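Each value in this text was obtained by applying a stated rule to the coordinates, not by laboratory testing. Model, not experiment: these values are computed from the prediction. Note: ideal-geometry Cβ built from the backbone for every residue, glycine included; neighbour counts use all protein chains shown.
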Amino acid sequence: MNDVLRFTPHRPPRWQTFVVGDLVEEVCQSLVRPLEDHCIDVDVDVPPNTLVTADREMFRQAVWNLVQNSIDAMPHGGELVITSYDSPAGLELEVADSGPGLSEQDLQQLLRLSSSSEQNGYGAGLVVVQQIAELHRGSVTAMNCPEGGAAFTIKIPRRTMEAAA
């Protein structure tokens, strides 16, 4: 697992268009055992025909890292909510949990590349998520949820297969 968390993309993205909901379900299925072991309820709200043009392997790794970090932040159970918003500008995929949330210091330092130790359950996998987003000319944001917990949003700008080539 540490090897997966230390995954660093050392190649340009291999662009393809795929269904986001299928990828999210695939990630959740690959983590079904730790989700069940930690008594985490999962709510996926991704419209069934939402498409994104990105590197599927890299995007899968980014989503996997966000879900794994949420599992780590909720060792005694909770709720994980994965939502998406598809706009003319691109795709936003949010992974929110009911864990302890982030301190102000964590919010400021969380996605800096020099930060590689776990902080309140959110680990080094976020650095990889940031690197993947940047390779797609996107971004990652983190915030505390009003009802508790933290939310991480990866934004991938819209591009056509022709522009990706």
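Please state the relative contact order of segment 41-109 as a whole percent: Cα pairs under 8 Å, 6+ residues apart? Please report the intermediate quantities before stating the final value.
On the way: 68 pairs, mean separation 25.1, N = 69.
Relative contact order here is 36 percent.
Our coupling estimate for segment 61-74, obtained by passing each phi through the Karplus curve with A = 6.51, B = -1.76, C = 1.60 and θ = phi - 60°, is 4, 5, 5, 4, 4, 5, 5, 4, 5, 5, 4, 4, 7, 10 Hz, Gly and Pro reported as x. When peptides 76-88, 57-69, 126-138, 39-51 are sorted by average Cβ neighbour count within 10 Å, with the highest value leading, the order is 57-69, 126-138, 76-88, 39-51.
Using the Cβ of ILE71 as centre and a radius below 11 Å, the other residues enclosed give a net charge of -3, where K and R count +1 and D and E count -1.
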